[in-house]
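Reading through the structure tokens given below for one structure.
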Amino acid sequence: MIQNHSSQPATYTKPANIIPENDQERLKALYRYELLDTPPEEFFDKITKLASRLFKVPSAFVSLVDQDRVWFKANLSELDASCIDRDHSLCSLTIINDTDVTVFTDTHEIPSLLSSPYVSAEGGIRFYAGAPLRTHDGYHIGTVCVVDSKPRGITEEEKGILQDLAQLLVEQIELRVDSRKAVRKHDELQSSLELNVMEPLKEQNLMLEEAQATEERPYLIRKAHQIAQEMLHNTRAMLSDSFQDEAAVVPHPSMIAVATIAQEVAEACEPIANKKGLELFFSVASRRELMVDRELLHKALSLLLTTTIKYTPAASSVALDVYETGDKFYVEVSAEDSVLTEQDLRKALLKYAKLSCKPTGGESTSGLELPRAKAIIEQHNGVLLADLTGHGTGVKFVVAFTI
């Protein structure tokens, strides 16, 4: 461990392995902020300028530690590079340090650090102090650091300043994520209102106008009432989805044969398919047990199968198949005929997507079914794919888990 002192012990040795055990989870945390390879921004540049002035050093950085590189979101130095190898960066040592600030008062007193060309080069790093950028869930995604080509000490007050700058950076980064979520939520809501409220209102208005000039008033009024009921159902679904977004359901997994869940879904959906004149086929080629939340996965597969049934014309067939190949386990929902187009499939997994087709039996849809299924599957570290089959007349949704 790198000790947090104003002068480092001569016995320190750089660890042979600088990759933390949780690096895959740490990288996922880094990537969710969508900061890597973005253009320079005034806020981050101001932080490095402030750090440089406060510490009276020529160089300061805001760095992000990627899989094989350390990339600089802000670079106040003579180094003409946007990133360096992770193995050569002292920031890689900062993110594996348990202390709040990593300090090297003179790197040349630590032989193991001289393997970095940025330390051993003439005019290279002699003094380094870095504070990790710690996310709200505890991952170190990068650093704010100050560097000098001359050895120097550091006071406790200066360490506190570096920690404050790191906290300020993380707060700004988290705020960016919240802002993006708000924008996306606004766009989703706008699309939903267009699909589930505005279009039905227009249709309902036309029917009521027609009812005033025709003898078929009872039928048209009933149809307008049906549209109003569908609007109410879809609006409630929108509100329900909004609440679920605010308090995401936490899975409670246990080892269970996924084929058992799939069979329950097939049996529950068979009457729905038969009522529409569809044959439902179910096959199992693997009874492997996976660590899943039974209730949530049941819901996801039900959403996939019922949605497939909705967009399948009568006198056709749908299938639910469970199998594995190599290191992948699959649950596949398919239909030999479907009104869904290639363009529809590109949008179908997005919330409130407006599709070019409508359910073949006049069923209602909120535009939330497939995105909900996708979210549940991703909670289980799975992937949901959609594709056309045959000559473009059929469709399949494939759930894939790595074994």
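The values are calculated or read from the model by the stated rules, or taken from the named source; none is laboratory data. Quantities reported herein were computed from a predicted structural model and do not represent experimental measurements. Every residue, glycine among them, receives a Cβ derived from its backbone with ideal geometry; neighbour counts consider all protein chains shown.
Descriptive notes on the structure:
- Options Ala273, Ala268; residue that is at pLDDT 90 or above and in contact with a strand residue (DSSP E or B) (Cβ under 9 Å, 6 or more places away or on another chain): Ala273
- Taking (1) modelled with pLDDT of 90 or more; (2) out of contact with any strand residue (DSSP E or B) (no Cβ under 6 Å at 6 or more places or on another chain); (3) loosely packed, with under 15 Cβ neighbours inside 10 Å in turn, Glu158 satisfies each apart from (3).
- Enumeration of residues in segment 121-158 that are closer than 17 Å to Val65 by Cβ and either assigned to a loop (DSSP other than H, G, I, E, B) or not assigned by TED's automatic domain parsing to the domain that holds Asn75 (or both): Ile125, Thr135, Asp137, Gly138, Tyr139
- The residue of segment 71-87 that is surrounded by the fewest Cβ atoms within 10 Å (Cβ to Cβ), among those that are without any contact (Cβ under 8 Å) to a residue 40 or more places away in the chain and part of a strand (DSSP E or B), is Asp85.
- Some residue of segment 303-322 being part of a strand (DSSP E or B), at pLDDT 90 or above, acidic (Asp, Glu) and in the same structural domain as Phe397 (by TED's automatic domain parsing): yes
- Among residues of segment 92-104 that are more than 14 Å from Glu21 (Cα to Cα), those with a beta-carbon under 8 Å from a residue that is modelled with pLDDT of 95 or more and aromatic (Phe, Trp, Tyr) at least six positions away or on a different chain give the pairs Thr102/Tyr128; Val103/Tyr128; Phe104/Phe127; Phe104/Tyr128.
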